[in-house]
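Asks: First the structure, then my questions, so here it is.
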Amino acid sequence: VCTPCLGRLRRLNGPRCERCGSPTAWPVARCSECRGRRLAFASARSAVAYDVGAKALVSAWKERGLRWLARDAGALVAEVVPRPKAYTITFVPPDADRLLKRGYHPAESLARELELQWQVPAVVLLERTRPARPQRGLGLADRRANVRGGFRARERAPTRVALVDDVYTSGATAGAAASALRRAGARHVDVITFARAVR
């Protein structure tokens, strides 16, 4: 990605919600987006806003097979997001059909890049319990229902885990995956994504 295009991506390094990472006018412990919700993760942080530029990059990375974009995404995350106090990095597991179609998994690619950037080991901790219906086009309640119980841990989880995905939209997927890690022994889960939908 050329330097001007990378420079135009909106970094999310201003005031934010301490819990879900949503940009705010000033720092808050809980914003209107996550207040009143039970969240399985301790925090969520993203590098850039999921706007037109970020959507084009993510589309090329996920749907057009430009795997090397994981390097740029990882570098941006390491630039904007502080290194989490985690013992290990893991990632939201892929849907089998989409993995077969793409031949690789963007969230895992990002996790492997962050392993190098942060010197924290990346391991496979989660798997899907059933095929995933795409979240695109679903409302918030339907998104939560779609992924509820959709993940399970493959082994005992460390007490502090960084959970990586490519994009944070409603937090439903991150919450369901974090719940599975909590059931497996994690006490503190930090969600890390490249981009985040900003309302």
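The values are calculated or read from the model by the stated rules, or taken from the named source; none is laboratory data. Model, not experiment: these values are computed from the prediction. Note that we place each Cβ from the backbone using ideal geometry, even for glycine, and neighbour counts take in every protein chain shown. Heavy atoms of the whole protein, side chains included, go into the accessibility calculation; ligands, DNA and RNA do not. Shrake-Rupley method; radii C 1.70, N 1.55, O 1.52, S 1.80 Å.
Asks: Between rounded, prolate and oblate, where does segment 1-68 land on the alpha carbon gyration tensor, with a ≥ b ≥ c its root eigenvalues, rounded for a/c under 1.5, else prolate if a/b exceeds b/c?
Replies: Numbers: a/c = 3.24, a/b = 1.87, b/c = 1.74.
Prolate, since a/c reaches 1.5 and a/b exceeds b/c.
Asks: With a ≥ b ≥ c the root eigenvalues of the C-alpha gyration tensor of the chain, is it rounded (a/c under 1.5), prolate (a/b larger than b/c) or oblate? Before the final figure, lay out each step's value.
Replies: Details: a/c = 1.25, a/b = 1.08, b/c = 1.16.
Judged from the Cα gyration tensor, the chain comes out rounded (a/c under 1.5).
Asks: Mind grabbing the accessible area of Tyr87 for me, 1.4 Å probe, Å², rounded to tens?
Replies: Result for Tyr87: roughly 140 Å² accessible.
Asks: What 222 nm value per residue comes from the helices of the chain, counting each DSSP H run with n ≥ 4 as -39,500 (n - 2.57) and dividing by all residues, nearest 500 deg cm²/dmol? Intermediate results must be reported in sequence, preceding the final value.
Replies: Details: 7 runs with 70 residues, N = 199.
Calculated at 222 nm, the ellipticity per residue is -10500 deg cm²/dmol.
Asks: Please identify every one of the trypsin sites (Lys or Arg not before Pro) in segment 57-130 that sits in a loop by DSSP and has no more than 16 other beta carbons within 10 Å of its own beta carbon. Don't skip to the end; give the middle numbers.
Replies: Values: sites: Lys62, Arg64, Arg67, Arg71, Lys85, Arg98, Lys101, Arg102, Arg112, Arg128; in loops: Arg64, Arg67, Lys85.
Filter output for segment 57-130: Arg64, Arg67, Lys85.
Asks: Something else: With the Cα gyration tensor of segment 60-169 giving a ≥ b ≥ c as the square roots of its eigenvalues, does the rule (a/c under 1.5 for rounded; else a/b larger than b/c for prolate; else oblate) give rounded, prolate or oblate? Before the final figure, lay out each step's value.
Replies: Numbers: a/c = 1.64, a/b = 1.22, b/c = 1.34.
Taking the square roots of the gyration eigenvalues as a ≥ b ≥ c, segment 60-169 is oblate.
Asks: Taking all protein chains in place and a 1.4 Å probe, what share, in percent, of the accessible surface of the chain do carbon and sulfur account for? Show your work: numbers first, answer last.
Replies: Values: 5060 of 9950 Å².
Carbon-and-sulfur percentage of accessible area, whole number: 51.
Asks: Moving to a separate point now. Any aspartates and glutamates with Cα under 15 Å of the Lys55 Cα? List them, leaving off those in the same chain fewer than 8 positions away.
Replies: Glu63, Asp72, Asp165, Asp166
Asks: Here's something else I'd like to know. Can you give the accessible area of Ser32 in Å² (nearest 10), computed on protein heavy atoms with a 1.4 Å probe?
Replies: Answer for Ser32: close to 100 Å² accessible.
Asks: To continue, here is another question. About the Cα centre, and with charges only on the beta carbon of Lys, Arg (+1) and Asp, Glu (-1), how big is the dipole of the chain? Nearest 20 debye, please.
Replies: In debye, rounded to 20, the chain gives about 580.
Asks: Further question: Give, in nm to one decimal, the length gained when the segment between Ala25 and Arg156 is fully stretched (0.36 nm per residue of separation minus the Cα-Cα distance).
Replies: Numbers: separation 131, 0.36 × 131 = 47.16 nm, distance 3.92 nm.
Full extension from Ala25 to Arg156 adds 43.2 nm.
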